[in-house]
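The values are calculated or read from the model by the stated rules, or taken from the named source; none is laboratory data. If you're wondering where the values come from, they're calculated on a predicted model, not measured in any experiment. Virtual Cβ from ideal backbone geometry, glycine too; neighbours counted across all protein chains shown. Ligands, DNA and RNA are excluded from the accessible area calculation, which covers all protein heavy atoms including side chains. Shrake-Rupley method; radii C 1.70, N 1.55, O 1.52, S 1.80 Å.
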Amino acid sequence: MNSAFKFCPQCATPLESIALLEDGGEKERLRCVACGYTHWNNPTPVLAAVVEYQGKVLLAQNAAWPGKMFALITGFMEAGETPQGGIAREIQEETSLTASALKLIGVYDFQRMNQVIIAYHAVADGEVRLSPELAEYKLYNYEDIICWPAGTGYAMGDWLRTQGIEPRFMSWDERAAQNLE
């Protein structure tokens, strides 16, 4: 069981791995033996967008990332918002662009980060002004995009196929060589 949780958020007692009988059978869960709190460790929903801007795809580099990897605009869904509303908000917060059209590309698991990615295609307008969260952006011709072989890379690949382009995926060796991990 891989979880960052080590202590109960209610009473601070160390959590213990305990087998619980659930509808689908026995599952290992972290549980507090003092107050009964269970850490379910369910995947977190993450929103992602293939942002179409000025006839190209806008990809951005997160300011905290090493290397020169450019990726989709992503963010966490907030309580009380729809996935569509959340990705429109993320696009606006991170780029100052307004999404004028949103279409679901698909839903993708990203188990390494315990996330479920809900990916959209967005047509965006306005003037790009990046948030401090992003270091820079680039506009790519569709056929020049190379997808990474996980999570949002699969979303990009699926979207490229809707444009009549067979996606190219980088290898894990190329990814490591670019210091993208």
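For the chain, DSSP calls about 75 percent of its internal beta bridges antiparallel.
Note on residue 103: lysines with a C-alpha under 24 Å away, same-chain residues under 8 apart excluded, are 56, 138.
Protein-only accessible surface at a 1.4 angstrom probe places the residues 5, 110 in the order 5, 110, largest first. Dipole size of the stretch 1-40 about its Cα centre, with +1 on Lys/Arg Cβ and -1 on Asp/Glu Cβ: approximately 200 debye, rounded to the nearest 20. Expressed per residue, the C-alpha convex hull volume of the chain stands at 158 Å³. 3J(HN,Hα) couplings calculated from phi for the stretch 130-141 with the Karplus curve 6.51 cos²θ - 1.76 cosθ + 1.60 (θ = phi - 60°) are, in sequence order, 6, 6, x, 5, 10, 7, 6, 9, 9, 9, 10, 5 Hz; Gly and Pro show x. For residue 68, the aspartates and glutamates whose Cα falls under 12 Å of its own Cα, not counting residues fewer than eight places away in the same chain, are 136, 181. Max-minus-min Cα coordinates of the stretch 30-72 on each principal axis give 56, 23, 10 Å, with the largest extent listed first. Computed on the chain, with alpha-carbon pairs under 8 angstrom and 6+ residues apart, the relative contact order is 20 percent. A 1.4 Å probe, protein heavy atoms only, puts the accessible area of residue 7 near 120 Å². Enumerate the aspartates and glutamates that residue 27 could reach by cross-link, defined here as Cα to Cα under 20 Å, with residues fewer than 8 away along the same chain left out. Residue 27 reaches 16, 109.
Given a 1.4 Å probe and the protein chains as shown, residue 77 ends up with an accessible area of around 60 Å².
Accessible surface of the stretch 9-125, 1.4 Å probe: 52 percent of it comes from carbon and sulfur atoms.
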